[in-house]
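The values are calculated or read from the model by the stated rules, or taken from the named source; none is laboratory data. Here the structure is a predicted model, which means the values were calculated and not measured. Please note: Cβ atoms are built from the backbone with ideal geometry, for glycine as well, and neighbour counts cover all protein chains shown.
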C-alpha cells in the first residue's frame, strides 16, 4: 500500500499563549512546537498498515522551515520519505483558510501521484490550534475521492477498506470503502510509538522533497474566510448554590456535572 499522511506542526498544548501585535494570530516567540495529536494517530495507523501489508508511507506537511523538525520526527517513527510544502516565512500560510490549505495539499498529492496513485490518504480529524476539522474532508472533495471521518480503526480487505467510525453517545459505525480514499483519524484508539535511536539516525538520510507554497498556489484563488481577529477566552468565575434536601442537591449537582460541565 502507498499511504500519504498529512501532518501539521502546532504549538505545544502547555505553551504560554499571547496574541501578537496584529491581533490575528498568537505570538510565536518562545513557543515550542509539536506534531498535531490526531495527525500523530493518523501516522500510527499508516505505519501499522505498512507493517501488516507492506508498501510505503509518505508524510506531507505545510509550514515554515521549522516544520522540518516535525517531519523528521515522523520519518524517525517509520515513514519512508516526506514532502514539505515550505512557506517563505511564518506569515505566508496565515493568509490561507482551510480551503486554501487543502488546495495546496491536493496540488502536492497530484504531483506525487502522477506516476503511482496512492491507495490511501490520511489526515488528523482536526488541528489542535485552529480546530476547524475541515481540511481532510475538503481535500477528499478536491481530489474526487470517497472519504469518511472520525475513524478509529482501518482494515484492508480484498475489495478496499473496512473502517470503524465513532459517532455520538457511544455509538459506532462500520463502513466499507473502495480505494483510493481519504480518511480523517480520531485520536486515542491506538498507542503511539516513540522514535527509536536507530529510527532517528535513519531519518537523517531519508528524502524530504521541498516545494514552495508559491509553486503550488494558484494566484487567482482568494481565501473564502477572512480572519479578522483572534482573542483569548474570557475567564469568568460564577458560584451557584444548590438548594433543597441533600438528596435533591446531590441530584442537581450530578446533572450539572454531566450535562453542563461534561465531567462525568
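Values as computed for the structure displayed
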item	result
Residue match in the range 205-212 (condition: out of contact with any helix residue (DSSP H, G or I) (no Cβ under 7 Å at 6 or more places or on another chain), exposed (fewer than 14 other Cβ atoms within 10 Å of the Cβ) and either within 30 Å of residue 21 (Cα to Cα) or outside the structural domain of residue 23 (by TED's automatic domain parsing) (or both))	yes
Pair list, Cβ < 7 Å and 6+ apart or interchain, from the range 49-68 residues that are free of Cβ contacts under 8 Å to residues at least 40 places away in the same chain to residues that are surrounded by 18 or more Cβ atoms within 10 Å (Cβ to Cβ)	64/86; 64/87; 65/86
Residue list for the range 7-35, filter: assigned to a strand (DSSP E or B) and out of contact with any helix residue (DSSP H, G or I) (no Cβ under 6 Å at 6 or more places or on another chain)	10, 11, 19, 26, 33, 34
Conditions (1) without any contact (Cβ under 8 Å) to a residue 12 or more places away in the chain; (2) out of contact with any strand residue (DSSP E or B) (no Cβ under 7 Å at 6 or more places or on another chain); number of the one not met by residue 72	(1)
Residue satisfying condition, being under 17 Å from the mean Cα position of the chain (by Cα), outside any loop (DSSP other than H, G, I, E, B) and farther than 30 Å from residue 23 by Cβ, within set 74, 79	74
Total residues in the range 90-112, condition in contact with a helix residue (DSSP H, G or I) (Cβ under 9 Å, 6 or more places away or on another chain), assigned to a loop (DSSP other than H, G, I, E, B) and surrounded by fewer than 18 Cβ atoms within 10 Å (Cβ to Cβ)	1
Yes/no for residue 228 being over 30 Å from residue 72 (Cα atoms), under 24 Å from the mean Cα position of the chain (by Cα) and part of a loop (DSSP other than H, G, I, E, B)	yes
Residue match in the range 247-257 (condition: over 22 Å from residue 79 (Cβ atoms), surrounded by fewer than 10 Cβ atoms within 10 Å (Cβ to Cβ) and outside the structural domain of residue 95 (by TED's automatic domain parsing))	yes
Filter result (over 23 Å from residue 181 (Cα atoms) and surrounded by 16 or more Cβ atoms within 10 Å (Cβ to Cβ)) within the range 36-67	63, 64, 67
Selection count where residues are more than 22 Å from residue 52 (Cα to Cα) and free of Cβ contacts under 8 Å to residues at least 12 places away in the same chain, scope the range 145-201	7
